[in-house]
Each structure stands twice: as structure tokens, then as C-alpha cells.
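Shown next, in C-alpha cells, is the structure this report addresses.
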Protein chains: 2
Amino acid sequence: MGQPGLRERKKQKTRLALIDAALDLFLEQGYEATTVDQIAAAVDVSPRTFFRYFATKEDVALSLHVDGQEAMLAELACRPGEESPFTALSHAVRAMVTMLEEEDLAERARFLKAREVIDNTPALFAGSMRRVMENERQLIAEIARREGSGGDDLLPHFVVALATTVARVGFEFCPPTGVDDLAALAARLEATLALAERSLRPGWDRP
Amino acid sequence: MGQPGLRERKKQKTRLALIDAALDLFLEQGYEATTVDQIAAAVDVSPRTFFRYFATKEDVALSLHVDGQEAMLAELACRPGEESPFTALSHAVRAMVTMLEEEDLAERARFLKAREVIDNTPALFAGSMRRVMENERQLIAEIARREGSGGDDLLPHFVVALATTVARVGFEFCPPTGVDDLAALAARLEATLALAERSLRPGWDRP
DNA sequence: TAATTTATGTCAGCTCATGACATGTGACAA
DNA sequence: TTGTCACATGTCATGAGCTGACATAAATTA
């Protein structure tokens, strides 16, 4: 009886259907060129209902992205306090990928599609950056808390900014996604982390 | 005959008037709360005309930001080829501030206003990040050219990303802007550059 | 002054997004 | 099973951002 009830299941189903329909349409004819009405029609739902699931047209493409961010924050909260800030953040970044690796096949496909659409749509890219930036504030707060530094200390800002930069470079500019590029993505991320590690002085992230 | 002609002068005047009116309204009542019609009315111009000057409502707030980006690119192009990538980029970042310091008083006030509005408006912040990212592609291309590295080389991506990160941290989170915070801005930027310098291994930005 | 260019105004229309209210469908207890 | 309640959805109306088409007014040039 772990089942969440018919109502809830229907909602989840509609939600995923909306995401899938939206991503397919975005890939086919572009983000700007597809209307909310089209997405709603594809799922056989009123346009008004679309906006009950997603606040904006943007959101439907970025919802998975958000899950990743949350996973990152959650992982950071779990890291032991002795770990140096950047090490902890590295693990948090990796968590985004490992989380995906445990997912459904359909879910992974969905994520890769979303990534492709976002990469090819400036408006969506901007939106994703905005979310990254908002997430960054929380990361900074958490790092500052761990390290007991003041609010106007530059270091936490810099460390977090560097970590998100690494994540960004790692996730960006991957070759055209094939069937399951998750492995390639993970490899690229590791390469970027290694590059960062090798570029920085030991102990740089602690005063 | 150095004069650009009445027509051109009028256009520049209208353009600046639109920017000023928009920024003032954004500061007063918030970005989302002010309509294009209001901005147009404040300058006594039809709403349609507004969109002939700025493609979107966002653009009117971000136009100055764009000038800075262009200055950065221009400065990078001027830097001597022997200079290591990150050093060249540092100077390019500084150019954004020095350019402002040579500007009109009104222009500087405009810039500071714009910065304040952008910082307090997620939507605008996202837009500015998008432009930064688009600019980043050009910076990467230029660095790759200087260094003669291939298109899939991680290093140029990383170096440029780090430079824009420094710029971002340097420009962000300044205390509430007073009359002319340009000096404070410059100081903060220098502090961030110093922090980066001190965190990185010598020669990290060259293979 | 006349002819040509071009900035602006007007209007009509599309899409995104939201509030208000009605309706239908699952949840749950008697 | 049935009846009630909660809530997901549909319908309608509205406003804001943005664009195309065409007319008008102003500046430039001859």
C-alpha cells in the first residue's frame, strides 16, 4: 500500500507527459516556435492546466535541472565538516551525475534531451544560469556556515563560484549527445575537476 | 561637420531618455511592475517606438552591460601575445572599469543605477548572465587563437570561465551603492583578482 | 522647393501568464 | 454503496510583451 493513491499517480503521469511532450516539441521545432497551447494539446489538457504544473514555459524545460541542483545541495549538507570547502563541493557536484546514474532509463533520456534543448536555446540557458546563481547563494551560505566565516568574506564566494564554474565547464559543450552520453558527461566532469585540482595551490580554499 | 546630424543626435537623445526613464521606474516600483507603456509615456513616445530602440524590455536595462563586454573583448584583442592567458584576461576585465572611469558623470550614474536594478531583479540577472556566457564563447575563441590550441581543449574554457568568474564575484554583492561607488567597485575587483592570483599555481594557465 | 530617406505613430494580432468561477473526478467515512 | 468533501481541471476574461503592416511626419539631399 506504498502506492501514493490514484490521484497522485495521475498527477505525476500528467507532469511527465507534459515534460516529454514539451521536450519533443522543442527539439522538433525549437523552443520559441512551440506554444504552450501546442504542448497542452499534445497531452490533451487545457493550456490553463499546463500553468498549474509549471509556472512558466521555461520551467517545463528546466525542471530536471532543478532536481540536480537540489541533489547537489543535499549532498553538500551530508559532507563531513573536516572536509575542505572545495573538496566537499566537488563531491556535491559529482552527486548530480551519480544521482542520474541511479535513475530510470526514461528519466535519463529525458535529462539528456533537456540538456540538448537548453544548450541550444539562449533563453533557456539564461534561465538555467539564473537558477544556478540562486543556488549559489545557498551554497555560499552553507560553506560560510561550515567554515564559520562572516557574510562579507570573499573566500566563500570565490570557492563556490569556482565550484559552479567547474560544474558548468564540465557539463557544457559536450559533443552531440548520442543514445546515452551519461558516461561521457561524467568523464568530462572528472577531467574538469582534475584540471581545477591541478591548477590550484594546496590549501587555497581555507584561510 | 563633425556633428553627426540632427537626426542622429535626436536618436541618441531618445535612446538615453528611454534608458534613464526605464531605470528610474525600475528603481521606484520594480522591474516587473513597470510596463513598457509607462516607460514610453515617460519619454512621450509610442510603445512601438520603444521596441525599435530595444528589442525587449530586458534590453533597456542591460544595454550598458553590453558596452562593458565589448570593451573587455576589445582590450583582450590589444594585449600582447606573450602575456599569459589569465594575465591578458585580467587586464581585459579591468578595462571594463577603467572605461567607465573615463566616462561622463551622467553615464557613470546610469551605470551604477543599472547595476543596482540588475542585482535586485532575478530576471535581469539571468539576462546579464546569458550575455556574459555568449561573450564567453568569443573570449574562448580568442584565447584559443592566441595559444594555438584546438577547439576541444579544456584549458581555454577553464581559463576564460575562471576569468569571468572573478569578474562576476568582483562586481557582485557590493554594499548598497552610494553616490559614486566606482572606486569601491574597482577595489572589490582588485581584491578578487588578488585572491585568484594567490589561489592559483604559477603557470597554471599554460600547458 | 521637390524628392527621398527614415523615424515615428497607429492598429491589429499573437503568445505568455494569471485570476475567478464552474465542473468533474478521486478520497474517505457512514 | 452512497454521499460528502477536497481538489484537479476546464472555461472565460484580462493584461502585458512583442511584431508586422501601413500611414504620417520629419530630416536629408538635390
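Observations on the structure shown:
- Label point 7 Å beyond Cα along the C-beta direction, distances from B:Pro202 to other copies (nm, shortest first): 1.8
- Dipole of segment B:57-199, positive end: most advanced residue of B:Val169, B:Ala184, B:Pro122 [Cβ charges, Cα centre]: B:Pro122
- Taking a straight Cα-Cα cut-off under 24 Å and skipping sequence neighbours fewer than 8 places away in the same chain, the lysines within cross-link reach of B:Lys10 are B:Lys57, B:Lys113.
- Simple label model, 7 Å out from Cα along Cβ direction - A:Leu182 to A:Thr98, nm: 1.4
- Projecting label points 7 angstrom from Cα along Cα→Cβ for B:Ala74 and B:Arg48 puts them 3.5 nm apart.
- In segment B:1-54, taking the dipole from charged Cβ atoms about the Cα centre, the farthest positive-side position among B:Phe51, B:Gln12, B:Thr34 is held by B:Gln12.
- The value obtained for segment A:37-76, namely the Cα convex hull volume divided by the number of residues, is 68 Å³ per residue.
- Between B:Glu172 and B:Ala141, the simple label model (points 7 Å from Cα in the Cβ direction) yields a spacing of 2.7 nm.
- Spread over its residues, the convex hull of the C-alpha atoms of chain B is 145 Å³ per residue.
- Volume in Å³ per residue [convex hull over Cα atoms, computed for the protein assembly as shown]: 180
- Taking the number of Cβ atoms within 10 Å of each Cβ as an exposure proxy, the fewest-first ranking of A:Phe54, B:Phe50 is A:Phe54, B:Phe50.
- Net charge over other residues, Cβ less than 12 angstrom from the Cβ of A:Pro47 (K, R count +1; D, E count -1): +1
- Fluctuation leader among B:Arg131, B:Arg48, B:Arg168 - chain B, Gaussian network, Cα springs under 10 angstrom: B:Arg48
- Proxy reagent accessibility, fewest Cβ within 10 Å first, across A:Lys10, B:Lys11, A:Lys113: A:Lys10, B:Lys11, A:Lys113
- Evaluated over segment A:87-130, the Cα radius of gyration and Dmax, each in Å: 12.5, 32
- Taking the Cα centre of chain A as reference, the dipole from Cβ charges on Lys and Arg (+1) and Asp and Glu (-1) amounts to some 440 debye.
- Only Lys, Arg (+1) and Asp, Glu (-1) charged, at Cβ; the protein assembly as shown dipole about Cα centre in debye: 620
- Here A:Glu142, B:Glu197 are placed in order of increasing Cβ neighbour count within 10 Å, fewest first, which gives B:Glu197, A:Glu142.
- Taking amide H as placed 1.01 Å from N in the peptide plane, the amide H of B:Leu200 sits under 5 Å from that of A:Arg201, each at least 5 places away or on another chain.
- Rounded to the nearest 500, the 222 nm mean residue ellipticity of chain B from helices alone is -25000 deg cm²/dmol, with -39,500 (n - 2.57) taken per DSSP H run of at least 4 residues.
- Global form of segment A:1-54, assessed from the alpha-carbon gyration tensor, a/c cut-off 1.5: prolate
Since every read-out is calculated from the coordinates, none of them should be taken as a lab result. None of the values given here were measured: they were computed from a predicted structure. All Cβ positions, even for glycine, are placed from backbone atoms using ideal geometry, and neighbour counts span all protein chains on display.
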